[in-house]
Amino acid sequence: MRMVDIIQKKRDKEELTKEEIEFFVKGYTDGSIPDYQASALLMSIYFNDMTDDEKATLTMTMLNSGDKVDLSSIKGIKVDKHSTGGVGDKTSLPLAPIVATVGIPVPMISGRGLGHTGGTLDKLEAIPGFKVEISEEEFINQVSNIGLAIIGATGNIAPADKNIYALRDVTSTVDSIPLIAGSIMSKKIASGTDALVLDVKTGSGAFMKSEEKAKELANALVKIGKSVGMNCMAVISDMNQPLGNTVGNTLEIEETIEILKGHGPKDITELVTVLASQMIVLGEKAESLDEAKEMVNQVISNGKALEKFKQMIEAQGGDSRVIEDYTLMPHAKYKIELPSLESGEIQVITADEIGIASMLLGGGRQSKDDTIDYGVGIELHKKVGDQVSEGESLLTIYSNSEYIDEIKDLLRQNIKIGESSTPKELIHDVIQ
Ligand code: URA
């Protein structure tokens, strides 16, 4: 078999065989296929798509490039959630303890942020001492004992994805439905969960900018999951403006704790409730979404979900006193307000650019090896649809430098104020 023939076939819109897909994935992982040929194939896939069979084969081949976590010793239906990534999206952090409190084991393997999107693991590391790299045995024991753990990928999960993802990142082939589907589902199937709720984002801060593409991706993800017997569903949610009021690591942990105390912002609290309810139904602890929603409200109002979050922090070596004392987490030296130059209604807060501003402050990575400044970030005081008066603060910038004029300009350019607005629905669709 020759790589050049496989590239030509996909370039000419033909369907690849299982053997051809395996040849590519194995060859690229072991280094026998060079970057230039792999790039050509990725770009052909980007333009010409893949059939359902090709997507399933790509997923299974990437999955089989590494190990699978065996969670069978944990009792009950294990349910995880995966988001396609966003700005201010700290949903996993309150969600996992809520669902675990209801009695569903949540073994969550999460990622780090790159570019404008934040990562759950980076946020957790704002808590002093919190360890996200623990052994598979410790992970399984923790989920068995307290019902949840949020960790980074252990050992050798889908190593083919690591190489292919890094190449996609530099060849502008990240936002391809078959490639995203293969990447996400190979890792999720390898993580050993029984059921999965997918949060597929749509809008300016998402990989899938249009709702149509987000639905196509959601359908592809759900279909692959079901083909291997995983109980899967997807929610399409809005990512045109940041989720919640904060972007930045310490700030997002503070907001998580506020959500678990019942004082969280409306949008993120709603999304957490919707996703948690779906997980509770998949985990068979409630028969209807209404019943599940009641359970979510109850474990927030009686403080049990917050207590579960505290248990997780302690189990993973973190200082759980942060729950009552936010000053124990890293904070930025300067708090700088951005006053509005006009009066009116907020029409747009472009999510990806707000994410980039937070990254430029040091809260995210421009390249894989950058270190994170946990204390920096942005706190929005206004969301789309809110009224603002001239001179009133739109947001607070948390920075370790006073010289941030470019970042202020970037933020200003990406907040549009006018006479009226049409805020987008938070939940666009549900795909069963
Ligand atoms: N998240 C992933 O894990 N992979 C992708 O390709 C995109 C988002």
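Going through (1) out of contact with any helix residue (DSSP H, G or I) (no Cβ under 8 Å at 6 or more places or on another chain); (2) buried (at least 24 other Cβ atoms within 10 Å of the Cβ); (3) over 30 Å from residue 325 (Cα atoms) one by one, residue 284 falls short only on (2).
Can you work out which of the residues in the stretch 59-80 that are of a type in the set (D, E, K, R) and away from the ligand (no atom under 15 Å from the Cβ) is farthest from residue 119 (Cα to Cα)? Ranking the candidates gives 75 first. Can you say whether residue 226 is open to solvent by 10 Å² or more (accessible area, probe 1.4 Å) and within 15 Å of the ligand (Cβ to nearest atom), as far as the supplied structure shows? Spelling it out, it is not the case that residue 226 is open to solvent by 10 Å² or more (accessible area, probe 1.4 Å) and within 15 Å of the ligand (Cβ to nearest atom). Among the candidates 181, 206, 218, the residue that is within 16 Å of the ligand (Cβ to nearest atom), assigned to a loop (DSSP other than H, G, I, E, B) and under 17 Å from the mean Cα position of the chain (by Cα) is uniquely 206.
Taking the listed residues 216, 212, the one that is of a type in the set (Asp, Glu) and either at positive phi or in contact with a helix residue (DSSP H, G or I) (Cβ under 8 Å, 6 or more places away or on another chain) (or both) is 216, with no other qualifying.
The values are calculated or read from the model by the stated rules, or taken from the named source; none is laboratory data. Nothing here was measured: the structure is a model prediction, and the numbers come from that model. Please note: Cβ atoms are built from the backbone with ideal geometry, for glycine as well, and neighbour counts cover all protein chains shown. Heavy atoms of the whole protein, side chains included, go into the accessibility calculation; ligands, DNA and RNA do not. Shrake-Rupley method; radii C 1.70, N 1.55, O 1.52, S 1.80 Å.
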